[in-house]
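Beneath this line is the structure, given in structure tokens, with notes to follow.
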Amino acid sequence: MKTKLFLLTALTIAGLDICPFVVAQTDISSTPTQSAQPSPSPRMQGMDEMAGMDSMKRMADMCQEMMKGEKAAMPYIIGIIGASVLFGLLLFIALVLLFVLEIQWIKYWSRILQQNGAASRSP
């Protein structure tokens, strides 16, 4: 009984594993031949090339206009970045000085507490 159940389970798993591969196979039709498409005349090819050049010229002009705007904004961007770096540097220096001040404060108060403790012990 157990061997039949094991065999049935194995066949089911094998069938489910193969199923996606069977479904994925499709009929590949042949590619169309060149003779089916009419060849454009030389005049039409020239017009297509002119249209392509015109669109490329318009795109180049648009890119140049965008670059002019970006180039005009560059000093402001550099200024903002410089100000941010300067502010971050000043903030870092303030943090270091605060750390040094805290260490000195701890030493100062430990010295005062030691003096008060020694004064209270000696009558």
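Please treat every number below as a calculation from the coordinates, not as lab data. This is a predicted model, so every value here is computed, not measured. Cβ atoms come from the backbone with ideal geometry, glycine included; neighbour counts cover every protein chain shown.
The Rg/Rh ratio of the range 58-123, with both radii computed over alpha carbons and Rh defined as the Kirkwood radius, is 1.66. Measuring r between the beta carbons of Leu90 and Glu70 and using R0 = 22 Å, the FRET efficiency lands at 0.15. Residue-wise HN-Hα couplings along the range 86-102, as the Karplus relation 6.51 cos²θ - 1.76 cosθ + 1.60 with θ = phi - 60° gives them from phi, are 5, 4, x, 5, 5, 5, 5, 4, 4, 5, 5, 5, 5, 5, 5, 4, 5 Hz; Gly and Pro carry x.
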